[in-house]
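Participant: For reference, the structure I am asking about is given below.
The values are calculated or read from the model by the stated rules, or taken from the named source; none is laboratory data. If you're wondering where the values come from, they're calculated on a predicted model, not measured in any experiment. A quick note on method: Cβ atoms are made from the backbone with ideal geometry, for glycine too, and the neighbour counts reach across all protein chains shown.
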Amino acid sequence: MTVKALVGARVIDGTGRDPIDDAVVLIDGERIDAVFRRGDMELPAGAEVVDTGGATVIPGLVDCHVHVGVLADNSFLQVDDPGALADQFMTTLLHRGVTTVRDTGNFDPDQVFRTFKKGRADWPRFFGAGTILDGPADPPAPWRWLAIIDDEASARREAARLVEAGMDFLKVYVWARLPVLRAVVSEAHRRGVRVAAHVGHAVTVEEAVKVGVDALEHVRVGRELVPEDLRSELDALPGRILDPLVGFQAWRFIDPESDLADRLIALMAERGTFITPTLTLSQSILAGNTPAGSCPEGLDEMPEAVTDQWRQYAYPFDYSETDWEQAPVELRNQMAFIGRAQQGGVKVTAGTDLTNPFVVPGHSMHEELRLLVEGCGFTPMEAIVAATGRAAELLGRQEDLGTVEKRKLADLVVLDGDPLADIGNTRRITAVYKGGRAVG
Ligand SMILES: [Zn+2]
């Protein structure tokens, strides 16, 4: 196989180190063989030179929170040809520079999971949790891909079953109680597998961090950061149907710079807990799930059956006028908290919560990067790391993925523009490589 040399680009390698200008990226087969400044080393004889002068090369992006597995069996969106829809989402992701996805729960770990794990050349790499482990809810949770568990023995048994079925990590959901979460973490860790948790209802973020959860999904910190004298005001608010899942109301009372917030951030940093805030989803919901308010880019590529259902599933159908007034405050405070978490040394990663309403495959990943920079105050470099090098660390795959370095898989995105100057330039994609192969 000939060696390929991408020559002349600025390389942002995904580690957070300074970029390398006028660089050469040597690709041998599916892996990167060397990265150096032009002139520092000879190009190997016969190398196929690809001129990338004036461009910027970044690592392939990792969307750290998707549910694409649910597409293949109509368990979330209902369409005539679910296989074709799954294919459309996956190919769109790859073409928009997402070379890896982390799937935080689907229906059938044997069938669906293997379809995606096996994958295709023009799909992103797939790491998944399979069936989500949850506790009993009243009324029952709206999704059918949950395993309902209410005792420690079943928690250990289910965790063991999923690990043995080859899941890359486990996912625990909002109605699971603390003893169940603790048992899942203990069983998973004993077997060398990480646990992601969407908590914030039956269990607080602080409790989850303390029992050893590795990764937090969404910004589900809430009531515990509300000053005590305001908690009765929060508790008196009329509940909304999906509050157990998103719990945004607390954010109108939270000061992201308070001691309460700082203490939690310090705990997360000390324990090395990852957090994937899925701000694209928060924005989409708090903007009323209107395409104009969320991420309209790429929406016209989506089948009408999908956009129709997105409109129908729009979450905030029961928001009051006050809720709408407070929505921008709630989004702003969440983002300020994530900015502070980043500064406080918490491992923030980037994910979108695709296939939720108006979270458009691929395009939304660039929106997430924009929100990290413009909403949370990340530097563009920090946002890129959150979507690449640190994302690979979250997957436990930093040997293979996430950075433009020797021996890594050559998953690369070539940009016509420098994202360090303007994070919006991550959208200006001219080529995507997966495992050294240009994606057609
Ligand atoms: Zn999710």
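Participant: Scan the range 343-359 and report the pairs whose first residue is under 17 Å from V219 (Cβ atoms) and of a type in the set (D, E) and whose second residue is near the ligand (Cβ under 9 Å from one of its atoms) and part of a loop (DSSP other than H, G, I, E, B), with Cβ atoms within less than 9 Å and a gap of 6+ or a chain change.
Facilitator: Filtered contacts from the range 343-359: D353/H67; D353/T104; D353/H218; D353/T278.
Participant: Right, next: Is it true that V329 is touching a Lys or Arg at 6+ places or on another chain (Cβ under 6 Å) and of a type in the set (A, V, I, L, M, F, W, C)?
Facilitator: yes
Participant: Considering each of G130, G166 in turn, give the residue that is under 26 Å from R390 (Cβ atoms), modelled with pLDDT under 95 and buried (at least 19 other Cβ atoms within 10 Å of the Cβ).
Facilitator: Just a single option satisfies the conditions, and that option is G130.
Participant: What is the number of the single condition among (1) more than 16 Å from the ligand (Cβ to nearest atom); (2) assigned to a loop (DSSP other than H, G, I, E, B) that K117 does not meet?
Facilitator: (2)
Participant: Still on this structure, I have one more. So which residues in the range 335-391 are of a type in the set (A, V, I, L, M, F, W, C), closer than 21 Å to D411 by Cβ and part of a helix (DSSP H, G or I)?
Facilitator: Residues satisfying the conditions are M365, L369, L372, M381, A383, I384, V385, A386, A387, A391.
Participant: While we're looking at this one, here's another question. Return the only residue of G53, G8, G14 being within 24 Å of the chain's Cα centre (by Cα), assigned by TED's automatic domain parsing to the domain that holds D411, modelled with pLDDT of 95 or more and of a type in the set (G, A, S).
Facilitator: G14
Participant: Also: Would you check which residues across the range 178-204 are within 16 Å of the ligand (Cβ to nearest atom) and surrounded by 23 or more Cβ atoms within 10 Å (Cβ to Cβ) and list them?
Facilitator: Once the filter is applied, which keeps residues that are within 16 Å of the ligand (Cβ to nearest atom) and surrounded by 23 or more Cβ atoms within 10 Å (Cβ to Cβ), the range 178-204 yields V195, A196, A197, H198, V199, G200.
Participant: Can you tell me how many residues in the range 40-94 are out of contact with any strand residue (DSSP E or B) (no Cβ under 8 Å at 6 or more places or on another chain) and among the small types (G, A, S)?
Facilitator: Residues that pass the stated criteria total 6.
Listed here are the residues, each with its yes/no results for (1) within 16 Å of the ligand (Cβ to nearest atom); (2) within 12 Å of A5 (Cα to Cα).
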site: E30; (1), (2): no, no
site: R38; (1), (2): no, yes
site: S75; (1), (2): yes, no
site: D81; (1), (2): no, no
site: L94; (1), (2): no, no
site: G97; (1), (2): no, no
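Participant: As an exercise: evaluate E399 against (1) over 23 Å from A341 (Cβ atoms); (2) in contact with a Leu (Cβ under 8 Å, 6 or more places away or on another chain); (3) surrounded by fewer than 21 Cβ atoms within 10 Å (Cβ to Cβ); (4) not polar (S, T, N, Q) and give the number of the one condition it does not meet.
Facilitator: (2)
Participant: Condition first: β-branched (V, I, T), at pLDDT 95 or above and over 16 Å from L331 (Cα atoms). Now tell me which residues in the range 236-273 satisfy that.
Facilitator: I265, T273
Participant: Can you say whether S258 is in contact with a Leu (Cβ under 8 Å, 6 or more places away or on another chain), in contact (Cβ under 8 Å) with a residue 12 or more places away in the chain, away from the ligand (no atom under 16 Å from the Cβ) and farther than 19 Å from L279 by Cα, as far as the supplied structure shows?
Facilitator: yes
Participant: Please name all residue pairs, on different chains or six or more residues apart, with Cβ atoms under 8 Å, provided the first residue is in the range 223-250 and is loosely packed, with under 15 Cβ neighbours inside 10 Å and the second residue is in a helix (DSSP H, G or I) and among the aliphatic types (A, V, I, L, M).
Facilitator: Cβ pairs passing all conditions: P227/L260.
Participant: Could you check the range 45-72 and list, in sequence order, the residues that are away from the ligand (no atom under 16 Å from the Cβ), touching a residue at least 40 places away in the same chain (Cβ under 8 Å) and over 19 Å from V414 (Cβ atoms)?
Facilitator: Those that are away from the ligand (no atom under 16 Å from the Cβ), touching a residue at least 40 places away in the same chain (Cβ under 8 Å) and over 19 Å from V414 (Cβ atoms): G46, A72.
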